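Asks: Pasting a structure here, questions to come.
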Amino acid sequence: MRLLSVLALLAVASQETVAPKDTWNQFRGSPMRTGRSAAEIPDELTLLWSFEAGFSIDSSAAIVDNVVYMTALPGLVAALALDDGSVLWKRDFGEEEDRFGESSPMVFDGIVYVGDLLGVVHAFDASNGETRWTFETGAEIKASPVVIGDRVLIASYDEHLYSLDRKTGELQWTFESLGPLHSTPGYDGELVYVTGCDALLRGIDLEDGTEKLQMDSGAYTASSPALVDGIAYYGTFNNDVLAVDLKNKEYLWRYEHPVRHFPFYSSPAVANGVVVIGGRDKIVHAIDQETGASLWTYRTGARVESSPVIAGNRVYIGSGDGRFYVFDLATGEKLWQFDAGAPFVASPALAGGRVVIGSQDGILYAFGAQN
């Protein structure tokens, strides 16, 4: 069983664009950051259980081996049973300082990796929550970690991208940018891609941290690029979504809503020729992957900073209006919604037939088929 678990995680950590049906071990599902899942989610969703963390949940859960790993402000890290939400273990770092914000946990080979708002990278034992190692950066961490081979990569607001030994936390190399790094690094098998407050999309060599590509996005960028077939898709604070040909170093298209000009904080999901992303204009946008033309939009009641996940022909996303939505990918028809009564900024995790997402009133929800 242990060997099968490790092999499954190795598959997720490779350059797959779709997270396996029973595993969602990192932010956006895979190092390619495509927001795609092979999970078999029932058409009719029911609230199966909820867990009260007590404070805001701004990060996205990870699901591995039927265990949900989550964090919440100010200092909670917990592991819950996917079946019923029962607590398997939890660590509480107290209420004196806000620690665990937007950085979402990544689980790999029995270790839970996550960054915090004090600038610390944590490695916890996935079986009991004990600390394996920590590494201190110089500022808050809002990006999520990614494991590639023997490395764990993390971006920090101290303007650096770090490569650490995933087993020991030993520093391997750093790359210095020109501004805070907000987005979660992506990896396409060749380069590590990261964006940030210096308005640059950078391609970094995995082995030594040298820069191989630089493109000016024109604005502060919080969105994590989705990497599909040599093209990066991401939103910016210039109120647009970009498609970048990484090989030829050129922009293929630029999407902007014709009327409502607001930043994109959400990270896109890409599947079946469609790019889906949430906007601070309160709209969920679906864009033609090839041309950048608008396919459909759906206006919610507040900012959409949650990042969508696509499974099959459906889109799953939360909104600041306190609702969790399911849309038809092709048409934008609203198929289902859940009213939580508190904003969603976290993104959903899909695995094992379940959809898991936390809200800003500190409640983690798990949806699935009625037993």
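Since every read-out is calculated from the coordinates, none of them should be taken as a lab result. These numbers come from a predicted model, not from an experiment. Here Cβ is always computed from backbone atoms with ideal geometry, including for glycine, and neighbour counts include all displayed protein chains.
Asks: What dipole magnitude, in Debye to the nearest 20, does region 71-111 give about its Cα centre under +1 on Lys/Arg Cβ and -1 on Asp/Glu Cβ?
Replies: About 120 debye.
Asks: In debye, nearest 20: dipole of region 2-368 around its Cα centre with unit charges on the Cβ of K, R (+) and D, E (-)?
Replies: With Lys and Arg at +1 and Asp and Glu at -1, about 680 debye.
Asks: What is the ratio of the Cα radius of gyration of region 118-212 to 2.2 N^0.38 Å, where N is its residue count, to two decimals?
Replies: For region 118-212, the normalised Cα radius of gyration comes out at 1.03.
Asks: Assigning unit charges at the beta carbon (Lys, Arg +1; Asp, Glu -1) and nothing else, what dipole magnitude in debye, to the nearest 20, does region 216-330 show about its Cα centre?
Replies: 360
Asks: So, one more: Give me the extension gain from Ala38 to Glu207: residue separation times 0.36 nm, minus the current Cα-Cα distance, reported in nm with one decimal.
Replies: So the extension gain works out to 57.8 nm.
Asks: Can you give the Rg to Rh ratio for region 296-351, taking only C-alpha atoms and Rh from Kirkwood?
Replies: Rounded to two decimals, Rg over Rh is 0.93.
Asks: Test of the criteria: in region 227-322, which trypsin sites (Lys or Arg not before Pro) are in a DSSP loop and have at most 15 other Cβ atoms within 10 angstrom of their Cβ?
Replies: Passing both the DSSP loop test and the Cβ count: Lys247, Lys249, Arg260.
Asks: Extent of region 71-172 along each principal axis, from alpha carbon coordinates, in Å, largest to smallest?
Replies: Projected onto its principal axes, the Cα set of region 71-172 covers 39, 32, 18 Å.
Asks: What's the local net charge at Asp339, with K and R +1, D and E -1, over the other residues with C-beta under 10 Å away?
Replies: 0
Asks: Of the candidates Tyr325, Tyr234, Tyr187, which one comes out as most mobile in a Gaussian network treatment of the chain with C-alpha springs shorter than 10 Å?
Replies: Answer for the Gaussian network model of the chain: Tyr325.
Asks: For the residues Trp133, Trp24, what sequence is obtained by ranking on other C-beta atoms within 10 Å, fewest first?
Replies: Ranked by crowding around the Cβ, least crowded first: Trp133, Trp24.
Asks: On to the next question. Within a Cβ distance under 15 Å of Phe367, other residues only, what is the Lys/Arg minus Asp/Glu net charge?
Replies: -3
Asks: I'd like to know which of Ser319, Tyr69, Ala143 lies farthest towards the positive end of the charge dipole of region 2-368, counting +1 on Cβ of Lys and Arg and -1 on Cβ of Asp and Glu.
Replies: Of the candidates, Ser319 comes out farthest on the positive side.
Asks: Using only the Cα atoms of the chain, each taken as one equal point scatterer with no solvent, compute I(q) by the Debye sum, divide by I(0), and report log10 of the ratio at q = 0.06, 0.08 Å⁻¹.
Replies: -0.18, -0.33
Asks: What does the extension gain come out to for Asp150 and Asp245, with contour length at 0.36 nm per residue minus their alpha carbon separation?
Replies: 31.4 nm
Asks: Assuming 0.36 nm per residue, please report the length gained on full extension of the stretch Ala302 to Glu256 beyond their Cα-Cα distance.
Replies: 14.7 nm
Asks: So what is Rg over Rh here for region 268-334, counting just Cα atoms and using Kirkwood for Rh?
Replies: Rounded to two decimals, Rg over Rh is 0.93.
Asks: Report the net charge of residues surrounding Tyr234, where surrounding means a beta-carbon distance below 11 angstrom and charges are Lys +1, Arg +1, Asp -1, Glu -1.
Replies: Working: positive: Arg33; negative: Asp240.
Neighbour charge sum, excluding Tyr234 itself: 0.
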